[in-house]
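The values are calculated or read from the model by the stated rules, or taken from the named source; none is laboratory data. These numbers were taken from a predicted model, which means no experiment stands behind them. Note that each Cβ is placed from the backbone with ideal geometry, even for glycine, and that neighbours are counted across all protein chains shown. We work out accessible area using only protein heavy atoms, side chains counted, and drop any ligands, DNA or RNA first. Shrake-Rupley method; radii C 1.70, N 1.55, O 1.52, S 1.80 Å.
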Amino acid sequence: MGRKGENIYKRKDGRWEGRYVKGRKTNKGIHYGYVYGQTYKEVKEKLTIKKATMLSVQEKSEQFYGTLNNWLDYWLETVISTKVKPGTFDSYKSKIDCHIRPTIGDQGLSELTTKHLTDFIEITKKKISTNSLHSVFRVLKTSLKYAEKLHFIRSSVYENVELPKIRKPKITNISQFEHKLLIKEAKKSADGLAALISLETGMRIGEIAGLKWEDIDFDNKVLSVKRTLQRVKTYSESGYKTQVIEEKPKSETSERIIPLSSDLLEQLVKKKNISRSTYVVSKNQGFTEPRTIRYQFKRLLRTFKLVDCSFHALRHSFATRCLEKGINIAVISSLLGHASTKMTLDIYTNSNLTEERIAVEAVAAI
């Protein structure tokens, strides 16, 4: 059984069959072509090649006759898969499969209008947050820009679409008291090192999972962020599976050097003396993946009856403590690995109620 929109099917003789649009007949009916193979993957690759051949010979094809699903298949397999990291590819594909395909995937690409996209937005905004909607539409728009580049649609189809305004997300962090208490209890726990690292460096969970002993310079008291671990989807003939992959950090600015406090350095030395793994946060001789770190963190909170928060809140709390201490925003941005100080300001401006209260009291005292 093939997946919807792919036109790939298992035949009775055991082979796989793929169907693609070759063009139009004289009566304007669709003229299909077929490819065959022993495996799903083989047919998928053959279909991609056929579509690529059809698309590249523009002088022989003034119009793309396939659906938006057909176009997204081509765009993902031929354009995106070679340009982005596996984690990014998985994110794009997930947004397409979950939100775009079910709603407008069967619409012909060449017949796509602004109204189709507007209707898509109206339907989708009822199911997901505004921020997520913007993220999904960015993927769709990027794919359509490439279609416009090949003259299969006009830019006016997607350029005139209006999206709901994004509301600034509320930053969740913990108070200074909770911060200190969490550090105290995390030191007692065998699984508390990841939380300590996040609270004292602001590192992302994937960066912590990917941290190796070779990344730590104990003499100079610094660590280098060089990689990240994350779980992504892969596809085989038996269906979707997931696997943990190691890749470079989120952006160039995410590859950074972070100074270590004497307290955290002491905890790392203790861990290294008993570690049998190349990874700092380890499970036996291997790594500890992000979802396991999240589970261990939640268990730590329950065990010591601490404030309930997400692991990512620790990164926000590190940034908030820096702001409370009057640290320069450029320094905070560098430590967090943000692409710009504007990003840091956009996230953390007005995120600290304590500082706002002090400001109000100071003005009232004049």
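Observations on the structure shown:
Yes or no, residue by residue, for (1) at pLDDT below 95; (2) under 16 Å from the mean Cα position of the chain (by Cα); (3) part of a helix (DSSP H, G or I):
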residue	(1), (2), (3)
ASN220	no, no, no
TYR235	yes, no, no
TYR240	yes, no, no
VAL244	yes, yes, no
THR253	yes, no, yes
LEU264	no, no, yes
LEU268	no, no, yes
TYR295	no, no, yes
LEU301	yes, no, yes
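- Cross-chain or 6+ apart pairs with Cβ under 8 Å, region 13-26 first and open to solvent by 70 Å² or more (accessible area, probe 1.4 Å) and outside any strand (DSSP E or B), then among the polar types (S, T, N, Q) and modelled with pLDDT of 75 or more: ARG15/GLN38
- Among the residues listed as ILE197, ILE183, ILE166, ILE171, the single one being outside any loop (DSSP other than H, G, I, E, B), outside the structural domain of ARG101 (by the TED database) and under 28 Å from the mean Cα position of the chain (by Cα): ILE197
- Scanning region 136-178 for residues that are more than 30 Å from TRP75 (Cβ to Cβ) and buried (at least 20 other Cβ atoms within 10 Å of the Cβ) gives ASN173, ILE174.
- Selected residue (criterion: surrounded by the most Cβ atoms within 10 Å (Cβ to Cβ)) from residues of region 317-342 that are under 22 Å from ILE183 (Cβ atoms) and of a type in the set (Lys, Arg): ARG321
- Residue within region 123-134 that is in contact (Cβ under 8 Å) with a residue 40 or more places away in the chain and basic (Lys, Arg) present: no
- Among the residues of region 244-258, those identified as within 23 Å of VAL331 (Cβ to Cβ) and either open to solvent by 80 Å² or more (accessible area, probe 1.4 Å) or touching a Leu at 6+ places or on another chain (Cβ under 6 Å) (or both) are LYS250, GLU252, GLU255, ILE257, ILE258.
- Residue within region 147-163 that is among the basic types (Lys, Arg) and within 30 Å of THR242 (Cβ to Cβ) present: no
- A count restricted to region 296-309 and to residues that are open to solvent by less than 60 Å² (accessible area, probe 1.4 Å) and of a type outside the set (Phe, Trp, Tyr) stands at 6.
- Considered as a group, the residues in region 267-290 that are of a type in the set (D, E, K, R) and farther than 25 Å from LEU181 by Cβ include one that is most open to solvent (accessible area, probe 1.4 Å), and that residue is ARG276.
- The set of residues in region 117-135 being open to solvent by less than 50 Å² (accessible area, probe 1.4 Å) and either among the aliphatic types (A, V, I, L, M) or in contact with a helix residue (DSSP H, G or I) (Cβ under 6 Å, 6 or more places away or on another chain) (or both) consists of LEU117, PHE120, ILE121, THR124, ILE128, LEU133.
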